[in-house]
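Following: one structure in structure tokens, then a few remarks.
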Amino acid sequence: MSGFVISCGGTGGHLSPGIALAESLNAAGHESHLLISRKDVDSRLVSGYPQLDFIRSPGSGFSWKPIQFIKFNVQQLRALVFAVRLLSEKKPDAVIGFGGFLTVGVVFAGFVKGCPVILHEANRKPGRAIRLMSGFARRIYLPSGVSLRSLPPKTVRHLGYPVRKEIRPLSRDEARKRLGIDITGKLLLVLGGSQGALALNRWVKENFEKLADQGISVLCVTGLMKESRGQLERVSQDGHTAKAYFMPFTNQMAEVLSSADLVVSRAGAGSIAEFMRCRLPSILVPYPHATDNHQSANAQFVEQQGGAVVVAQEKLPQLIDEVTETIFNDFLLNELRSNLQRMDRDNSADYIVSDLESILAEAKEVE
Ligand SMILES: CC(=O)N[C@H]1[C@@H](OP(=O)(O)OP(=O)(O)OC[C@H]2O[C@@H](n3ccc(=O)[nH]c3=O)[C@H](O)[C@@H]2O)O[C@H](CO)[C@@H](O)[C@@H]1O
């Protein structure tokens, strides 16, 4: 049995693969501790996993704005001290970082203590933390076709995004029943990633009547910062009732993804991997201010593989036509679904576990 500290907090896109990996490590008889942030989104997501060991670290997101920049550096120092103490207490065999502001302190502490450092990058443009810490890594997992300058090839493995085991396609009717979605006809899911997207929430409110008149209902996951619940209803001229459901956050992602015919979403790597797993066709609207425009790179890759349609945020007025043309086009939906199936890397968490086991076995031989 080996022990691992997994740094995966700050946003759902880092936390979900951390949870997926911890579950696979624990199932293989290892021990894992997940380092997360004190943000609300982390608390909401981890509430569904009482069996895992989550540890909340100090830390704050990076910004060039002067006050936030000072706060970031002070918090990074606190996070480093916290990480050194944590590693002294848990004595892990390896430290794993999924990127984000929490990764830097714990990875550095792990390296100084002589612990193998393992990194995972989910996006098609590696983030700052991964780039900064890559020189310390014994292994880096990158999406296929993505490279990082000056890394020896033996350090890199191209593996997909670990998706949580419970995220599996369910029958559409069963999923709607479990969510209490009481509609007939097409359902459009609107998802702004783990933290929501104001522009997409607004788009739903502005376009619900047009969608309803075509018989399309909507499920909109608004994000915690834009807390919004409730329901809208509209009866079209032909007597069909369409509804719009709003919820701030969900711990029932398998049901949410399986209930819909189509999703309009930001292009986070985790969301995309889960659409593949649930074979859910998507229209991706990349967040235009994401670091190095990495969401556009994520979205374009899926579009090139035939798994999604991309609409830039400045083209949002065209989204309603894209939605209505796609959601009623069964040929296109089937095509998108079969391409998603082809792209899905089913058990990357299990591959990572066996790779970690061989890294640790090699390290023991060297000792
Ligand atoms: C604005 C920004 O920079 N976002 C980044 C962030 O996205 P973000 O945190 O939005 O992450 P993703 O879209 O990658 O994944 C969201 C995760 O949260 C889960 N979830 C979401 C909503 C909800 O109500 N319940 C729930 O469980 C999803 O199932 C998924 O597992 O990290 C990703 C991974 O590095 C990046 O690709 C994104 O670009």
Tabulated pairs, region 142-157, first touching a residue at least 60 places away in the same chain (Cβ under 8 Å), second assigned to a loop (DSSP other than H, G, I, E, B), C-beta under 6 angstrom, 6+ apart or interchain = Pro143/Arg124
Out of region 168-177, which residues are within 15 Å of the ligand (Cβ to nearest atom) and either surrounded by fewer than 19 Cβ atoms within 10 Å (Cβ to Cβ) or acidic (Asp, Glu) (or both)?
-> Arg168, Pro169, Leu170
Select from region 28-51 the residues that are without any contact (Cβ under 8 Å) to a residue 60 or more places away in the chain, of a type outside the set (D, E, K, R) and either touching a His at 6+ places or on another chain (Cβ under 9 Å) or farther than 16 Å from Ile167 by Cα (or both) and list them in ascending order.
-> Gly29, Ser32, His33, Leu34, Ser43, Pro50, Gln51
Output for region 178-198, where each listed residue is farther than 17 Å from Arg229 by Cβ and either more than 12 Å from the ligand (Cβ to nearest atom) or modelled with pLDDT of 95 or more (or both) = Arg178, Ile183, Thr184, Gly185, Lys186, Leu187, Leu188
Would you pick out the residues in region 6-41 that are in contact with a helix residue (DSSP H, G or I) (Cβ under 6 Å, 6 or more places away or on another chain) and acidic (Asp, Glu)?
-> Asp40
Filtered residues of region 234-256 (kept if among the small types (Gly, Ala, Ser) and in contact (Cβ under 8 Å) with a residue 40 or more places away in the chain) | Ala242, Ala244, Ala254
Within region 117-125, identify whether any single residue is of a type in the set (Lys, Arg), part of a loop (DSSP other than H, G, I, E, B) and within 16 Å of the ligand (Cβ to nearest atom), and answer yes or no.
-> yes
Kindly list the number of the only condition in (1) farther than 20 Å from Gly3 by Cα; (2) buried (at least 17 other Cβ atoms within 10 Å of the Cβ); (3) of a type in the set (Lys, Arg) that fails for Arg138.
-> (1)
Just checking, which of Met247, Met253 is of a type outside the set (Ser, Thr, Tyr), closer than 30 Å to Gly127 by Cα and surrounded by fewer than 20 Cβ atoms within 10 Å (Cβ to Cβ)?
-> Met247
Taking the residues in region 157-202 that are part of a strand (DSSP E or B) and within 16 Å of Ala254 (Cβ to Cβ) as candidates, determine which candidate is nearest to the chain's Cα centre (by Cα).
-> Leu191
Flagged in region 126-142 as outside any loop (DSSP other than H, G, I, E, B), within 13 Å of the ligand (Cβ to nearest atom) and among the small types (Gly, Ala, Ser), in numbering order, are Ala129
Since Leu232 meets every condition but one in (1) within 11 Å of the ligand (Cβ to nearest atom); (2) farther than 11 Å from Met247 by Cβ, which condition does it not meet?
-> (1)
Does Leu211 satisfy being outside any loop (DSSP other than H, G, I, E, B), farther than 25 Å from Val163 by Cβ, of a type in the set (A, V, I, L, M, F, W, C) and modelled with pLDDT under 95?
-> no
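The values are calculated or read from the model by the stated rules, or taken from the named source; none is laboratory data. Just so you know, these numbers come straight off a predicted model, no measurement behind them. Here Cβ is always computed from backbone atoms with ideal geometry, including for glycine, and neighbour counts include all displayed protein chains.
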